[in-house]
Every structure is written in C-alpha cells, then in structure tokens.
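What follows is one structure encoded as structure tokens, with my remarks underneath.
Please treat every number below as a calculation from the coordinates, not as lab data. Model, not experiment: these values are computed from the prediction. All Cβ positions, glycine included, derive from the backbone under ideal geometry; neighbour counts span all protein chains shown.
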Amino acid sequence: MLNFTVGPVMSDEIVLEIGGNQVPYFRTPEFSDLMFENEKLMKKFTYAPEGSRAVFITGSGTASMEATVMNVFDENDNVLIVNGGGFGNRFVELCKLHNIKYTEISIPLGETLTKENLDKYDAKGFTGFIVNIHETSIGLHYDLDLISEFCYKNGLFLVVDAISSFLADSINMEKQNINVLITGSQKALACPPGISVIVLDKKAISRINNITCKSMYFDLNDALKNGERGQTPFTPAVGTLIQINARLKEIDKNGGVESEIKRISNVAYDFRLKIKDLPFEICASELSNAVTPLHPLTAKASDIFNILKDEYGIWICPNGGDLEDTLFRVGHIGALTTKDNDTLINALKDLEKRGII
Ligand SMILES: *Cc1c(COP(=O)(O)O)cnc(C)c1O
C-alpha cells in the first residue's frame, strides 16, 4: 500500500515497530518522564513562548478543537472564524453548540483570505480569532502573518488549528502571537490516530483557569494540573504517546522542526513539478506543503481515486459532497519520498495511456 492521503498517513519503521509491542501501564515515573519529554519537544517545535504548556488529549483533532472552544472562550467573547471549507465550518458548528458569539468570514471556493476581508472587522469589538491555517478539505493555506498582524493590532486572542500544517509549514507561536495551537497525531506527526495536542501560551492558561468547563473529559484545567506530574486525568492512548515520543525525538535528532518542514516541502515541490505534464490543474492560490489539491481536466476525481486504490494499491485523498467528482488531494506528509511520487506519477501516466484520464 502507498498512502498519499492526509491522515492517517504512513509511519516510519521506528513508529511501526513500537506498534507491535505490548502497551505498558502508565501511572509510573517512567511514563511521566516520557510525557514531560513530549511536552518539551512540542513546545520547542512550535516555538511556544516562556510559560507555555502542552496538553495531550486522547481523541482525534476535533476533540482538541472542541476542548479549546469550551475552555478558552465564554459568553463574554465574540470571535471571528475563518470558514473556507469543512474544517472552518466545524469551528462554526462548535461555537454555535457551545454558545460562543461568533462572526463567520466565509471564503468562497477558489478565493483566499485577504487584507480587505480582514479590514472590514477592524475595531469592531471582537475578542478572539479562530482559523484552520491549512483548510485541508480543499488544500488552501492562509497567510498566517496577515492574520497575526490583524490579531495583534486588534488585541484578539488567536487560536490556530494547525492540525495538518504542523511540521509541514513554518509556524512560530511566539513571533506570530499565537495563543493556542492545535495539532493531531495522524497528520505530519505520522503516528496512528487517537491523540491531539493543544499548545497553550500564558494568556490561554489564564483564560482556562478563569473559565468553568462544563465537561469532565475535556476540562483543560484538569489536564494542565495532571500534566504537572507528567500524567493525564484518564487513561490516554498510551501506545500512540510512546510512538509520538519516538517520532519527536527522531525529528529533534535529525535537525529539528525546520529540517522536517524542509523534507516535506521537498517532497511537495518534487510532486508539483512532476504533475505538470498530466491533465490536472492545481487549484488553490496558496498551498501548504502538506497537500496538493488537484482538479482533473479529463476525468472524474472519484473514478481516479477508485482505480488507483483497486488496481494500483495507491491511495490518494478523495473529496466528498459537491467536490466528489472535481477535486482530489495528494498528501506529502508521512513516510513518503520522491521515489514514492514517481510511483504515483507512473500510475497516473498509465491511466493516461489507458485513456482513463
Ligand atoms: C485532520 C484535521 C482536523 C481533525 O480531524 P479529526 O478527524 O478529528 O482528526 C481538524 N482540522 C484540520 C485542519 C485537519 O486537517
């Protein structure tokens, strides 16, 4: 199997091998040390400012999106949400569900967030800003510096869902004034799904301390308090946390976050060069290194997905709903190389020869 989806993605040998081991008991000093190390490396790789913390939630990325909305905002807030697709819409639904006042900045398909979009909301009494920096559903990457400047100028508390962008694109909590950064285990961390991570700066911790969360499992005060001893309130996905530990240490050893971003960006660049001669259009104005969204000019996207899966053992990432036939995505995260790109390109060339595309 060759997996070019956007998660779960392929894991390297180190992570795979751990998956074959027994899962240890976790209320031990050894596991606490591993969790301290996970927290330290997560803060290092996100450039979290002094006094920040990282918590590990057992649940997919959406669990941490929901925990964030429930713990850092309350009825006194009024937030802006960038909604450019499926994941932006998820934050809209979450704020609606948890009675957080919000205004949506809708980005029509094919467009992106501009300074003009933001200027309309200048000095309008907002308190927070939520964005999925890479709207993975359509492969659109927003300009984080633009957002960061706008939030700084307006004193907005900035929540960045970097679930598919962390380790693939540059991001710096301190320089870009990010108060909360969210990521997940099954994207560029390239581990099995089940863990999501929330990195919190001092302002975020103070908000959490002052808000009573109406959930037991998602209470971040509880998570922070347990984290002080390297533990979680409830049984976490212990095996996945051990895999994350190995992966974070490996990245650290190989030159850190910038080297990993460079590695992924090389794979993306290589693919985007090689796809040029085939009948596809890259369809986003600003791209993340994590994904290339492609519009097939001569065939249905869903047919290409099915044929590659069934006849070639290659998984690309299909789209659903209205975009099912017109868009698919090729991921560059996980244990992929430029040689794997060649395998996919050769399969697509074969489809061309067969008259399918
Ligand atoms: C994958 C992803 C999520 C989380 O989805 P889960 O299925 O809950 O892990 C959230 N936001 C973005 C931008 C994503 O790419």
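Only Cα pairs within less than 10 Å get springs; with that Gaussian network setup on the chain, which residue of GLN243, GLN176, GLN22 has the largest fluctuation?
GLN22
Can you list, largest first and rounded to whole Å, the semi-axes you get for the range 14-154 by taking the square root of 5 times each eigenvalue of its Cα gyration tensor?
33, 18, 16
Rounded to the nearest 500 deg cm²/dmol, what is the calculated helix-only ellipticity per residue at 222 nm for the chain, with -39500 (n - 2.57) per DSSP H run of length n ≥ 4?
-12500 deg cm²/dmol
Suppose a student asked you for the relative contact order of the range 209-357, using Cα pairs under 8 Å spaced at least 6 residues apart; what percent would you report?
Once normalised by length, the contact order is 19 percent.
Mind telling me which of LEU278, LEU80, LEU113 comes out most flexible in a GNM of the chain, alpha-carbon contacts under 10 Å?
LEU278
What does the charge count around TRP315 come to, taking other residues whose C-beta lies under 13 Å from its C-beta (Lys +1, Arg +1, Asp -1, Glu -1)? It would help to have the intermediate numbers written out before the result.
Details: positive: LYS309, ARG329; negative: ASP310, GLU311, ASP340.
With Lys, Arg at +1 and Asp, Glu at -1, the neighbours total -1.
The range 157-225: which trypsin sites (Lys or Arg not before Pro) are DSSP loop and have at most 16 other beta-carbon atoms within 10 angstrom?
The qualifying sites are LYS175, LYS214.
Identify, among ILE138, GLY355, PHE166, the residue whose Cα sits farthest towards the positive end of the charge dipole of the chain, taking +1 on the Cβ of Lys and Arg and -1 on the Cβ of Asp and Glu, with the dipole about the Cα centre.
PHE166
Please report the antiparallel percentage of the DSSP beta bridges confined to the chain, to the nearest 5.
Here the antiparallel bridges make up roughly 55 percent for the chain.
Among LYS249/LYS349; LYS96/LYS253; LYS115/LYS339; LYS300/LYS339; LYS96/LYS262; LYS253/LYS349, which pairs are too far apart, with a Cα-Cα distance over 31 Å?
Distance filter (> 31 Å) returns LYS249/LYS349; LYS96/LYS253; LYS115/LYS339; LYS96/LYS262; LYS253/LYS349.
Taking the range 267-313 on its own, what percent of its Cα-Cα pair distances exceed 13 Å?
Beyond 13 Å sits 63 percent of the P(r) for the range 267-313.
Under 19 Å Cα-Cα from LYS276, which aspartates and glutamates qualify once same-chain neighbours fewer than 8 residues away are excluded?
The qualifying aspartates and glutamates are GLU286, ASP340, ASP342, ASP350, GLU352.
Starting from the range 280-357, pick out the trypsin sites (Lys or Arg not before Pro) whose DSSP state is loop and whose Cβ has at most 11 other Cβ atoms within 10 Å.
ARG354
Looking only at LEU16, LEU158, LEU287, which one moves most when the chain is put into a Gaussian network model with springs between Cα atoms under 10 Å?
Highest fluctuation of the listed residues: LEU16.
Taking a ≥ b ≥ c as the square roots of the eigenvalues of the Cα gyration tensor of the range 1-55, is the shape rounded (a/c under 1.5), prolate (a/b larger than b/c) or oblate?
oblate
Which trypsin sites (Lys or Arg not before Pro) in the range 1-91 sit in a loop by DSSP (not H, G, I, E or B) and have at most 10 other Cβ atoms within 10 Å of their own Cβ? It would help to have the intermediate numbers written out before the result.
Working: sites: ARG27, LYS40, LYS43, LYS44, ARG53, ARG90; in loops: ARG27.
Within the range 1-91, the qualifying trypsin sites (Lys or Arg not before Pro) (loop, at most 10 other Cβ atoms within 10 Å) are ARG27.
Relative contact order of the range 13-253, please, whole-number percent, based on alpha carbon pairs below 8 angstrom and at least 6 residues apart.
30 percent
According to the Kirkwood expression over distinct Cα-Cα pairs, how big is the hydrodynamic radius of the range 228-357, in Å?
Values: mean 1/r = 0.0598 Å⁻¹.
Kirkwood radius, the range 228-357: 16.7 Å.
Please work out the Cα center distance from the range 204-255 to the range 13-36, rounded to the nearest Å.
With the range 204-255 and the range 13-36 each reduced to a Cα centre, they are spaced 15 Å.
Could you work out the pair-distance distribution P(r) of the chain from its alpha-carbon pairs, with 20 angstrom bin width and percents rounded to whole numbers?
Result, from short to long distances: 30, 57, 13, 0 percent.
Taking GluC sites (Glu not before Pro) as exposed when DSSP calls them loop (any state but H, G, I, E, B) and at most 14 other Cβ atoms lie within 10 Å, what is the longest stretch of the chain free of them, the sites themselves excluded?
Here the longest run is 112-173.
Only Cα pairs under 8 Å and at least 6 apart count here; give the relative contact order of the range 287-350 as a rounded whole percent.
Answer for the range 287-350 is 37 percent.
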